[in-house]
Each structure stands twice: as C-alpha cells, then as structure tokens.
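*Asks:* The structure's right below; bear with me while I get my questions together.
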Amino acid sequence: MKKGYSLIAVVVFLTSCVLTKPTVKVAPYSEDLSKYRPQYTEMEIAWDNGTAEENDSLRNVSTEPMDVTSEIEQLITDISEKNKEVSYISGYTIQVYSGTSKAKADIAKSEIYKLIPESRPRQDWEAPNYKVTVGTFFERIEAYKLYATLKQQFPMATLVPTNIPNQ
C-alpha cells in the first residue's frame, strides 16, 4: 500500500515539474500610417470667377472678432428677472422632532442648540403636531453632513423635501 502512495507521489512530482518555455521579448509595435492620412491643402478663393456682387461680398468679410457682451448681459438680465418671479425653490431640511408635545419640541430645540450652537432650529406648529427642523439645503448631499451629526443624538431625524423661499 505504501508503495502505491509513493508511486503516485513520484508521478505527481514529475508531472508538476514540466519545463516552461522561455519568454521571448518582442520589439515594440510601430507602423508608419502617414500614407493613409488625408492630405489637406489650403483652399484659395478664385476672385475672378463669379459676378461682381459675389466678389465684393467675399472681399468685405470681417475678420474682427464679434463682440457679444451686450447680448450675454441681456440674457443674464432676462434670466434674473424670470428668477425673481419664482417664489419658492425646491430643497431639503432636517426634521428632528414631530409630535403633539410642545414641551418635547422645546427640549429637542434646546438640545440642537447645545449640539450645534451655530444652527438655527425652527419650531413650527401644524395642527395638531409640533415640528422642529434644522437648516435649508438646495441639494440632499449638502444636508447629509449635518444630518449624520444629528442622527447620532436624534435617531428619528429625517431629511424632508421642502420649499425654500426665494429671497
């Protein structure tokens, strides 16, 4: 039995020691493709064929850059006037508390002041609930840093879509 195992071990050893082929280094690829590229020559305008009007219109082409500043300023003015008509902008706020207890809403508001002194939490009453919200953000990703901070202290905090007054 031991002879059989030793024979199998020798066969496995000999088959695993197969010689590998040496790697051959190949020169980097290069090919001249210039014969396939199109050749462009500068076009010359033939001034003498065509009518006199055509020749004059070709000669009077202005090569000076066009000034579009006044047009751009007018567009900016139009856009700003249109934006003044918009009273609300879609955005996000962080709702920290929503419930019927005014005392709990006051506690949540004071805890937010302790946690983030520069914040301005708002307490709103929408019958029959008190809501405490913090911040106004135009994009969800802007609100996420403050949201992550508040979520540790207030597990029920949520990001809420809201309309932000346009000032």
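*Asks:* Given the structure, is residue 72 closer than 21 Å to residue 149 by Cα and modelled with pLDDT of 85 or more?
*Replies:* Details: closer than 21 Å to residue 149 by Cα: no; modelled with pLDDT of 85 or more: yes.
In short, no.
*Asks:* Okay, next question. Looking at residue 79, is it under 27 Å from the mean Cα position of the chain (by Cα), in a helix (DSSP H, G or I) and of a type outside the set (Lys, Arg)? Before the answer, list the steps.
*Replies:* On the way: under 27 Å from the mean Cα position of the chain (by Cα): yes; in a helix (DSSP H, G or I): yes; of a type outside the set (Lys, Arg): yes.
Taking the combined requirement at face value, the residue satisfies it.
*Asks:* Give me the pairs: first residue in the stretch 134-149 and at positive phi, second residue at pLDDT 90 or above and among the β-branched types (Val, Ile, Thr), beta-carbon distance under 8 Å, and six or more apart or on different chains, which are they?
*Replies:* Hits for this filter: 135/93; 135/94.
*Asks:* If you don't mind, there's one more thing I want to ask. Which of the residues belonging to the stretch 137-165 are surrounded by 15 or more Cβ atoms within 10 Å (Cβ to Cβ) and either in a loop (DSSP other than H, G, I, E, B) or among the aromatic types (Phe, Trp, Tyr) (or both)?
*Replies:* Within the stretch 137-165, 137, 144, 147, 154, 157 qualify.
*Asks:* Also, quick follow-up: How many of the residues in the stretch 82-127 are surrounded by 10 or more Cβ atoms within 10 Å (Cβ to Cβ), in a helix (DSSP H, G or I) and of a type in the set (A, V, I, L, M, F, W, C)?
*Replies:* Residues in the stretch 82-127 being surrounded by 10 or more Cβ atoms within 10 Å (Cβ to Cβ), in a helix (DSSP H, G or I) and of a type in the set (A, V, I, L, M, F, W, C): 5 in total.
The values are calculated or read from the model by the stated rules, or taken from the named source; none is laboratory data. If you're wondering where the values come from, they're calculated on a predicted model, not measured in any experiment. For neighbour counting, all protein chains shown are included, and Cβ atoms are generated from backbone atoms with ideal geometry for every residue, glycine included.
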